[in-house]
1. Among the residues of segment 200-221, which ones are in contact with a Lys or Arg (Cβ under 9 Å, 6 or more places away or on another chain), within 19 Å of Trp183 (Cα to Cα) and loosely packed, with under 13 Cβ neighbours inside 10 Å?
2. Name every residue in segment 197-245 that is of a type in the set (Val, Ile, Thr) and assigned to a loop (DSSP other than H, G, I, E, B), in order of residue number.
3. Take the residues in segment 35-47 that are without any contact (Cβ under 8 Å) to a residue 60 or more places away in the chain and surrounded by fewer than 17 Cβ atoms within 10 Å (Cβ to Cβ); name whichever of them is farthest from Ala140 (Cα to Cα).
4. For segment 1-25, which residues satisfy the criterion of being under 30 Å from Arg137 (Cβ atoms) and touching a strand residue (DSSP E or B) at 6+ places or on another chain (Cβ under 7 Å)?
5. For Val76, which of the numbered conditions (1) at pLDDT below 95; (2) in contact with a helix residue (DSSP H, G or I) (Cβ under 8 Å, 6 or more places away or on another chain); (3) aliphatic (A, V, I, L, M) fails to hold?
6. Looking only at helices (runs of 4 or more DSSP H) that fall completely inside segment 1-71, which ones have 1 or more residues that are of a type outside the set (S, T, N, Q) and within 21 Å of Ile110 (Cβ to Cβ)?
7. How about segment 87-116: which of its residues are assigned to a helix (DSSP H, G or I) and either within 17 Å of the chain's Cα centre (by Cα) or surrounded by fewer than 18 Cβ atoms within 10 Å (Cβ to Cβ) (or both)?
Amino acid sequence: MKVAILAGGMGSRLAEETEVKPKPMVEIGGYPILWHIMRIYSHYGFNHFVIALGYKGEVIKKYMVDYCSLSSNLTVNIGQGSVDVHDGQRPNWTVELVDTGLKTMTGGRIKRLQPYLGNEPFMLTWGDGVADIDIPRLLAFHRSHKKLATLTAVRPPARYGKLTLDGDRISAFEEKPQLGEGWINGAFFVLQPEVFDYIDGDDTQFEQEPLERLARDGQLMAYKHTSFWQCMDTLREKHILESLWQSGRAPWKIWET
């Protein structure tokens, strides 16, 4: 099963970083968050990626083309014009990089990937969020209900510590828990190819009319993910992820090396 990743947004709330690179190339622990996302899927054996490019897509292209060289020892024979790659990381990835337009909306980007995804079920996520999600369980859930679409529902991390009060006395304190106020769309979708029929074109925002119609038609199901999930929309959230990575306790790092 192929994995589609939307990596074309401008990331305006990360302007300090995204003036020179697309948001999925903002680094956590020295690696683009896009790499982290791909490692999550690859850990479970899903190694065929179709990436929708837009803003500064050439940065992602260059990174993927140079990946083996950048992560390996090299012998460069300048006279012969040859480069030998030694050791280093060589994940068994096939990566299709598809220009989907600078201003195309999320639904339009997905629609433009249709020729590369074919008439088969596929997975989809945004290029700015990580989770310790169990992909096989997600897929099993999707196959069990036989509907067209599954999204991963998450509870967003709280920004501040939660207090439980008994009058003026604090009866319980929980440091930055997952909020109990409701579920939100955490991406990590599984989709049947019929979902393309719900997308009109480039101006379609996937999170609006397509998902709303799928819900009205009874074709949208929620896989409830109750442990770690974090998006990276702001510098503050980037710093949260960076701190977790540097601590050696990054919950989304489910791979071993």
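The values are calculated or read from the model by the stated rules, or taken from the named source; none is laboratory data. What you see is a predicted model, and the numbers here were worked out from it, not measured in a lab. Because the Cβ atoms are built from the backbone with ideal geometry, glycine has one as well, and the counts that use them run over all protein chains shown.
1. Gly218
2. Ile199, Thr204, Thr226, Thr234 - these are the residues of segment 197-245 that are of a type in the set (Val, Ile, Thr) and assigned to a loop (DSSP other than H, G, I, E, B).
3. Asn47
4. Within segment 1-25, Met1, Lys2, Val3, Ala4, Ile5, Leu6, Ala7, Gly8, Pro24, Met25 meet the criteria.
5. Of (1) at pLDDT below 95; (2) in contact with a helix residue (DSSP H, G or I) (Cβ under 8 Å, 6 or more places away or on another chain); (3) aliphatic (A, V, I, L, M), only one is false for Val76: (2).
6. Where helices (runs of 4 or more DSSP H) fall fully within segment 1-71 and carry at least 1 residues being of a type outside the set (S, T, N, Q) and within 21 Å of Ile110 (Cβ to Cβ), they are 33-43, 57-65.
7. Initially, segment 87-116 is screened for residues assigned to a helix (DSSP H, G or I), giving 106-112, 114-116.
Across segment 87-116, the qualifying residues are Thr106, Gly107, Arg109, Ile110, Gln114, Pro115, Tyr116.
Rundown of residues vs (1) surrounded by fewer than 16 Cβ atoms within 10 Å (Cβ to Cβ); (2) modelled with pLDDT of 95 or more; (3) over 24 Å from Glu120 (Cα atoms); (4) not acidic (Asp, Glu), yes/no style:
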site: Glu181; (1), (2), (3), (4): yes, no, yes, no
site: Phe188; (1), (2), (3), (4): no, yes, no, yes
site: Leu191; (1), (2), (3), (4): no, yes, no, yes
site: Tyr223; (1), (2), (3), (4): no, yes, no, yes
site: Leu235; (1), (2), (3), (4): yes, no, yes, yes
site: Ile240; (1), (2), (3), (4): no, no, yes, yes
site: Arg249; (1), (2), (3), (4): yes, no, yes, yes
site: Lys253; (1), (2), (3), (4): no, yes, yes, yes
site: Glu256; (1), (2), (3), (4): yes, no, yes, no
